[in-house]
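Below is one structure. I have some questions about it.
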Amino acid sequence: MNARRLWKIFRLNFKMMYSRWFLAFIAFYFAVYFMASVSAMRTEDYAPLFPYLGVLALLLASGGGSLRVVKSEVDFVFSTPVNPLVVYIAKTAASTVLPLLLLGAFTVYLPRPDVISHVEYAASLIFNTAFFALTAGASSLVSIRRWILYAVSQMAVAAVTIVKPELSPLYGLVYPSPFYVAYSGALAALMYAFFPRKRVRELAVNAYGVLAVAVPRVSEPEERAAARAQFGTPWRAVWVTSSTYYRRRGEMFIRASTLKTGLVISLVAAAAGYAAARLSPPDLAEVVLALQSFLAFFMFFGIAANTIERERLWLSLSGDADMYFRCRMLARSALTAVFVTPLAAEAAALALHFPPALHLIPGLASIPLVVPAASWLAAAYAGLPQMRELDLLQSPPRMSHRSYLAMLLVMAYYLFAFAPYYMAVAASYIGDLSHLLYAAARAWSAVLLSLSALFFYATTLSRWRRTVWSWFVNKLSENGYV
């Protein structure tokens, strides 16, 4: 493929992924952060950058949503004689704009002593961006087991950046050197070498055969009777479809329990967080808990938002739509409460050794009240596309001003929900103002829980919910849902 055609494919994917408004927002953010940081940052203040870079790396680790194969690619792109791997690599390259700007926004203003250090910095920035983009692209093509392997590599980079920055390839963005250029370049090359080429070739040769799913079936008469009985009432039907999902077993899809899977993951995360916080000194334990709360919140919100992709308006509106959304939100809130409970228990146990941990509980308690409804409303506003035939999105997810505003609102909610914890941490360092800060944290927690309960009532129990979900349905219709 010649360079001109490759450039056209890159431009096409770039235009599909980003709107002009979104790029304007990102450019404005970059300019503001650059001007603020270039005047405030001093050479001796480099160290605080690494926790931010680590958190940013965690965000980039979950950025493969826009790289999933979509229906239009299966129908049109993969049916052409163009090399499918080149097409997908160009698509991955188009996704590097966002991580490139975000990583640069934190580090480009740092002073460099000479031209060579500028070159080393630029090379490290490109290679680190390529690593995250290739990993996100690869993870969007593979099964959940291989996805975990890709995710672990990104999580490891993020964790090392926070705990031991010198061992991270992102260290070269702050202290450029030939070693970190080679380090980040090797990671990018390794990820390119392990890119799932076979999967891309299979999709190009026989996408419909590769992506076809076996219809779940029940063979025994008793199981058929149980399957009919479990959908006896609207609430029962909503609960079963909320608390279970289909997973592949051989050539079949069987129904598995979301409740069991989510609870196991939550218990493991709580146990790991407890062990990490207990084995860390107090100043590091607070960072561990802050990072855990950040990841837990965005995992809850992201997973809850993505479930909208499988919604069917014809199904939810064929009966009593008001009852459907009420039951759906109650079921989602109940499941979320179960998943949050181990993390709240972890915070309560750690409070015996690290008192500020107790102030994580109000933020965690607000998640079951707010996230189930807010995640769907945010996803509808951002324009998340529907998933239909072959379990494929109908169009690529597009980063627009709406998705940017939705992300800002989600971040604002996180900061509001977990502000009591950060107040309590500050109080442990400021002895003179500790009583005032602890009192403010308790008052903030009361306001937080009150507003969360009010939001839950307004979107799930009150008569106002009809207006909320009517807007929701109209927005999904505008987004092409059927």
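The values are calculated or read from the model by the stated rules, or taken from the named source; none is laboratory data. Just so you know, these numbers come straight off a predicted model, no measurement behind them. We place every Cβ from the backbone using ideal geometry, glycine too, and count neighbours over all the protein chains shown.
Among the listed residues ARG402, ARG398, which satisfies the condition of being surrounded by fewer than 22 Cβ atoms within 10 Å (Cβ to Cβ), in the same structural domain as PHE297 (by TED's automatic domain parsing), among the basic types (Lys, Arg) and over 16 Å from the mean Cα position of the chain (by Cα)?
Exactly one of ARG402, ARG398 is surrounded by fewer than 22 Cβ atoms within 10 Å (Cβ to Cβ), in the same structural domain as PHE297 (by TED's automatic domain parsing), among the basic types (Lys, Arg) and over 16 Å from the mean Cα position of the chain (by Cα), namely ARG402.
Separate question: Would you mind finding the one in ALA285, ALA237, ALA276 that is within 23 Å of the chain's Cα centre (by Cα) and either modelled with pLDDT of 80 or more or among the basic types (Lys, Arg) (or both)?
ALA276
Consider PRO355 carefully, then state whether it is surrounded by fewer than 23 Cβ atoms within 10 Å (Cβ to Cβ), under 30 Å from ALA94 (Cβ atoms) and not acidic (Asp, Glu).
For PRO355, the condition - surrounded by fewer than 23 Cβ atoms within 10 Å (Cβ to Cβ), under 30 Å from ALA94 (Cβ atoms) and not acidic (Asp, Glu) - is not met.
Could I ask something else about it? For the condition surrounded by fewer than 21 Cβ atoms within 10 Å (Cβ to Cβ), under 17 Å from the mean Cα position of the chain (by Cα) and assigned by TED's automatic domain parsing to the domain that holds PHE106, what is the one hit in ALA159, ALA186?
ALA159
Can you confirm whether the stretch 134-141 contains a residue that is farther than 24 Å from ARG388 by Cα and either of a type in the set (Phe, Trp, Tyr) or buried (at least 20 other Cβ atoms within 10 Å of the Cβ) (or both)?
Within the stretch 134-141 (the criterion being farther than 24 Å from ARG388 by Cα and either of a type in the set (Phe, Trp, Tyr) or buried (at least 20 other Cβ atoms within 10 Å of the Cβ) (or both)), the answer is yes, since at least one residue qualifies.
While we're looking at this one, here's another question. Have a look at SER470, SER445, SER452, SER477 and point out the one that is buried (at least 21 other Cβ atoms within 10 Å of the Cβ), more than 24 Å from the chain's Cα centre (by Cα) and under 27 Å from ARG326 (Cα atoms).
SER445
Within the stretch 422-437, take every residue that is closer than 18 Å to ASP283 by Cα and not hydrophobic (A, V, I, L, M, F, W, C) and give me the one that is modelled with the lowest pLDDT.
Selected residue: GLY431.
All but one of (1) touching a Ser or Thr at 6+ places or on another chain (Cβ under 9 Å); (2) more than 15 Å from ALA344 (Cβ to Cβ) hold for TRP314, so report the exception by its number.
(1)
Could you list all residues from the stretch 80-127 that are polar (S, T, N, Q) and touching a helix residue (DSSP H, G or I) at 6+ places or on another chain (Cβ under 6 Å)?
THR92, SER95, THR96, THR107, SER124 - these are the residues of the stretch 80-127 that are polar (S, T, N, Q) and touching a helix residue (DSSP H, G or I) at 6+ places or on another chain (Cβ under 6 Å).
While we're on this one: For PHE106, state whether it is in a helix (DSSP H, G or I), among the hydrophobic types (A, V, I, L, M, F, W, C) and crowded, with 23+ Cβ neighbours inside 10 Å.
Here the answer is no, as PHE106 does not meet what is asked.
Evaluate the following for ILE126: is it surrounded by fewer than 15 Cβ atoms within 10 Å (Cβ to Cβ), within 28 Å of the chain's Cα centre (by Cα), farther than 24 Å from ARG388 by Cβ and not aromatic (Phe, Trp, Tyr)?
No: the conditions fail for ILE126.
So that you can scan it fast, the table gives a plain yes or no per residue for (1) more than 23 Å from LEU110 (Cα to Cα); (2) at pLDDT 90 or above; (3) in contact with a Gly (Cβ under 7 Å, 6 or more places away or on another chain):
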{"site": "SER143", "(1), (2), (3)": "yes, no, no"}
{"site": "TYR150", "(1), (2), (3)": "yes, no, no"}
{"site": "GLN154", "(1), (2), (3)": "yes, no, no"}
{"site": "THR161", "(1), (2), (3)": "no, no, yes"}
{"site": "LYS164", "(1), (2), (3)": "no, no, no"}
{"site": "LEU173", "(1), (2), (3)": "no, no, no"}
{"site": "PHE179", "(1), (2), (3)": "no, yes, no"}
{"site": "SER184", "(1), (2), (3)": "no, yes, yes"}
{"site": "ALA189", "(1), (2), (3)": "yes, yes, no"}
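Something else now. Looking at ALA453, ALA378, ALA424, which is the one that is assigned by TED's automatic domain parsing to the domain that holds PRO281 and either of a type in the set (Lys, Arg) or in contact with a Pro (Cβ under 7 Å, 6 or more places away or on another chain) (or both)?
Sole residue among the options that is assigned by TED's automatic domain parsing to the domain that holds PRO281 and either of a type in the set (Lys, Arg) or in contact with a Pro (Cβ under 7 Å, 6 or more places away or on another chain) (or both): ALA424.
Identify, from the list LEU360, LEU392, LEU369, LEU364, the residue that is over 16 Å from the mean Cα position of the chain (by Cα), crowded, with 18+ Cβ neighbours inside 10 Å and either closer than 30 Å to ASP75 by Cα or not assigned by TED's automatic domain parsing to the domain that holds ASN306 (or both).
One residue alone meets the criteria, LEU392.
If I go through the stretch 104-116 residue by residue, how many of them are farther than 22 Å from LEU49 by Cβ and modelled with pLDDT under 75?
0
With the condition kept exactly as written, say whether any residue in the stretch 334-346 is crowded, with 20+ Cβ neighbours inside 10 Å, charged (D, E, K, R) and within 22 Å of the chain's Cα centre (by Cα).
No, that holds for no residue.
So in the stretch 69-103, with the set limited to residues that are at pLDDT 75 or above and in a loop (DSSP other than H, G, I, E, B), which one is surrounded by the fewest Cβ atoms within 10 Å (Cβ to Cβ)?
Here the residue is ASN83.
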